[in-house]
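For reference, the structure discussed in these notes is given below.
The values are calculated or read from the model by the stated rules, or taken from the named source; none is laboratory data. What you see is a predicted model, and the numbers here were worked out from it, not measured in a lab. No Cβ is skipped: glycine too gets one built from the backbone with ideal geometry, and neighbour counts run over all protein chains shown. In case anyone asks, the SASA skips ligands and DNA or RNA and just uses the protein heavy atoms, side chains included. Shrake-Rupley method; radii C 1.70, N 1.55, O 1.52, S 1.80 Å.
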Amino acid sequence: MEVDVRGLSCPEPVMQVAAAIRSGAEEIVVLLSEAHSVANVKNYAIEHGYRVREATKGFDYLLTLEK
Amino acid sequence: MKARKLLLWGILTGLIAAALAYFGNPKNMAICIACFVRDISGSLKLHQAAAVQYFRPEIVGFVLGSFIISIAKGEFRSTAGSSPMIRFFLAMAMMIGALVFLGCPTRMVLRMASGEISAWIGMIGFVGGVATGIFFLKKGYSLGRSQITKKGSGLVFPVIFALAFAATLVFPQKFAFSESGPGSFHAPWLISLAAGIVIGVIAQRIRMCFAGGVRDAILIKNFDLFSIVVGIFLSMTVYNAIQGEFVVRMFGPVAHAQHLWNILGLYVVGFSSILLGGCPLRQLILMGQGSSDSGVAVLGMLVGAAVAHNFGFAASPAAAATAEAAAVAGGPGVPGMIAVVVCIVFLFAVGIHGTKREA
């Protein structure tokens, strides 16, 4: 599942990722544009039992969340 | 970051605020964002309230601190385009609400830490406003996405803001400076600026946000940001106790105990902070890291402060009776009361509009 939260204000990025997690997805790829959202999403995913891989893509950040 | 670590950062921020009060800032304002933006608005002669005019170096420092650290960490992003005009008016409303309560969430916490019951009662409104904002977030509220823009768009406000501050040092006669009242109380400018930069750096790193603290606690049961607020509260309470300034009372200096209007004023602040994605402090920090949308919000705060004073929306402080004068109840006048109600209606309109899906 892919979630694009680029350019969204807090706390929309975390809320969208939370919805993806609630849907039970095993792997979620999150595309973000702000460093503070990266920290928020990462913390939330780890708290919910996901492993997080971090990468950058041009100006953007890419988080891969795996159960 | 773990909540305990964030608590320590909050305590450190509180200590810096206490140091500023010690060096001359108004005691129960210390680093109030709304008060200080209002003072800058006055210094630029956007309003004529003689007691609250001073180009507060702390505010410049917050922006510069965030600016410097975000560039150093590669987090500076020049962005814009998430409904800037709505953000402008949301920030105006936020400022009007703050000036009816006489303080932003930062000062609410500082006043709570000095034993002011009126601030504790006002907090009910702040939490209520945040909760109302969350209601709309859950319904899908969004102001839309911001986009990457030309670098200059993110650079221009922090740079010109710093230059404007430099101009107050070189050409002080061109700006207004209070000779009495809260605006005349300030730490030496170099201390203020340095403290502001340090807090700006800390706030950018730990995402300090007063509204966000309450929001995350309610919305996702995450107490990280809230623990920062607790840290600031703790160090200011200890400082006040040591200085003999912790006194349980209805209100302290430059405050009033018109509970309904304290609650409604802070309701506007809490609600608008959530719709904006951050409290007044957070807007300054986001502007420093390149957000033109937050830059527009800061302009809205400056104009909101001017409007609040020019049209008599701002509350007047209460005063106990003295040998020369009778007691003053303080609080907002009728124009201020009407303004608060209009702001609440506007915030609901924005909330409803923000939940509508657009192509």
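Sequence-distant or interchain residues sharing an amide H contact under 5 Å with B:His47, placed H: which?
Under 5 Å from the amide H of B:His47: B:Gly42.
Name the shape class, rounded, prolate or oblate, that the alpha-carbon gyration tensor gives for chain B, where a ≥ b ≥ c are the square roots of its eigenvalues, rounded holds for a/c under 1.5, and otherwise prolate holds if a/b is larger than b/c and oblate otherwise.
rounded
In straight Cα distance, which lysines are under 23 Å from B:Lys221, not counting same-chain residues fewer than 8 positions off?
Result set, ordered by chain and number: A:Lys42, A:Lys67, B:Lys2, B:Lys5, B:Lys138, B:Lys139.
Nearest 100 Å² is fine: what is the total accessible surface buried where chains B and A meet, probe 1.4 Å?
About 1800 Å² of accessible surface is lost on pairing.
For chain A, take the longest principal axis of its alpha carbons; what is the angle in degrees between that and the long axis of helix A:35-47, to the nearest 10 within 0 to 90?
10 degrees
Return the residues of the range B:163-212 for which accessible area with all protein chains present is lower than in the chain on its own by 40 Å² or more; set the probe to 1.4 Å and exclude ligands, DNA and RNA.
B:Arg207
Taking the solvent-accessible surface of protein heavy atoms with a 1.4 Å probe, what is the per residue accessible area of chain B in Å²?
Solvent-accessible surface per residue comes out at 38 Å².
Over the range A:2-66, calculate the relative contact order: mean separation of alpha carbon pairs under 8 Å at least 6 apart, over the residue count, as a percent.
36 percent
Per the 1.4 Å probe, what fraction of the accessible area of the range B:282-359, in percent, lies on carbon and sulfur atoms?
The computed percentage sits at 73.
Give me the net charge of B:Ile285's neighbourhood, meaning all other residues with Cβ under 14 Å from the Cβ of B:Ile285; Lys, Arg count +1, Asp, Glu -1.
+1
Round to the nearest 10 and report in Å² the accessible area of B:Leu44, as given by a 1.4 Å probe over the protein chains' heavy atoms.
Number for this one is 70 Å².
For a distance above 41 Å, tell me the whole-number percent of Cα pairs in the protein assembly as shown that qualify.
11 percent
Work out which residues of the range B:116-145 lose at minimum 20 square angstrom of accessible surface when the other protein chains are put back, relative to the chain isolated, with a 1.4 angstrom probe, and list them by number.
Listed by number, the residues meeting the 20 Å² cut-off are B:Leu137, B:Ser142, B:Arg145.
Can you give the accessible area per residue of chain A, in Å², using a 1.4 Å probe?
Using a 1.4 Å probe on heavy atoms only, each residue of chain A averages 47 Å².
Taking the Cα centre of chain A as origin, sum charge times position over the Cβ atoms of Lys and Arg (+1) and Asp and Glu (-1), and report the length of that vector in debye to the nearest 20.
So the magnitude is around 100 debye.
Using +1 at the Cβ of each Lys and Arg and -1 at the Cβ of each Asp and Glu in the range B:3-355, identify which of B:Gly42, B:Val170, B:Ile134 lies farthest towards the dipole's positive end.
B:Ile134
Only four residue types carry charge here, +1 at the Cβ of Lys and Arg and -1 at the Cβ of Asp and Glu. Report the dipole size of chain B about the Cα centre in Debye, rounded to the nearest 20.
The dipole magnitude comes to about 1100 debye.
Once Lys and Arg get +1 and Asp and Glu get -1 on their Cβ, which of B:Ala91, B:Leu155, B:Gly125 lies farthest toward the positive end of the dipole of chain B?
In chain B, that residue is B:Leu155.
Rounded to the nearest 0.05, what FRET efficiency do A:Thr64 and B:Ala323 have when you use their Cβ-Cβ distance and R0 = 51 Å?
0.10
So which DSSP H runs in chain B come out at 18 Å plus along the axis (Cα) with average Kyte-Doolittle of at least -0.5?
Long hydrophobic helices here: B:3-23, B:57-72, B:84-101, B:117-138, B:151-170, B:189-206, B:224-242, B:259-276, B:292-310, B:334-355.
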